[in-house]
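Okay, structure first, notes after.
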Amino acid sequence: MERLLTRMEAAKQLGICVSTLDEIRACGQIQYIQRKKNSSVFFTEADLVEYVARSTHKAHANEPRQTYRRKRMF
């Protein structure tokens, strides 16, 4: 069975504070385990990895930007 992480351990692993983790959980963006209503909340490492994978955006190559300024002529 996979080890269960507490809210504090999960937040530390993600690099966020516990209140931010609670907001993410309340919005339904991350899966969690709660055995009884109003009891402790736990996370698995797989849940954290899945959340990070969904939250990660691929970088795009820098494209030349169009500006409103004219290029200087020297």
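The values are calculated or read from the model by the stated rules, or taken from the named source; none is laboratory data. Quick caveat: nothing in here was measured; it's all calculated off a predicted structure. So basically every Cβ, Gly included, is an ideal-geometry build from the backbone, and we count neighbours across all protein chains shown. Keep in mind that these areas ignore ligands, DNA and RNA; they rest on the heavy atoms of the full protein, side chains included. Shrake-Rupley method; radii C 1.70, N 1.55, O 1.52, S 1.80 Å.
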Subset of the range 27-53 [of a type in the set (S, T, N, Q), free of Cβ contacts under 8 Å to residues at least 12 places away in the same chain and open to solvent by less than 90 Å² (accessible area, probe 1.4 Å)]: GLN34, SER39
Residue under evaluation PHE74, criteria (1) assigned to a loop (DSSP other than H, G, I, E, B); (2) of a type in the set (Phe, Trp, Tyr); (3) surrounded by 10 or more Cβ atoms within 10 Å (Cβ to Cβ), criterion not met: (3)
Filter the range 4-26 for residues that are out of contact with any helix residue (DSSP H, G or I) (no Cβ under 9 Å at 6 or more places or on another chain) and part of a loop (DSSP other than H, G, I, E, B); which is surrounded by the most Cβ atoms within 10 Å (Cβ to Cβ)? THR6
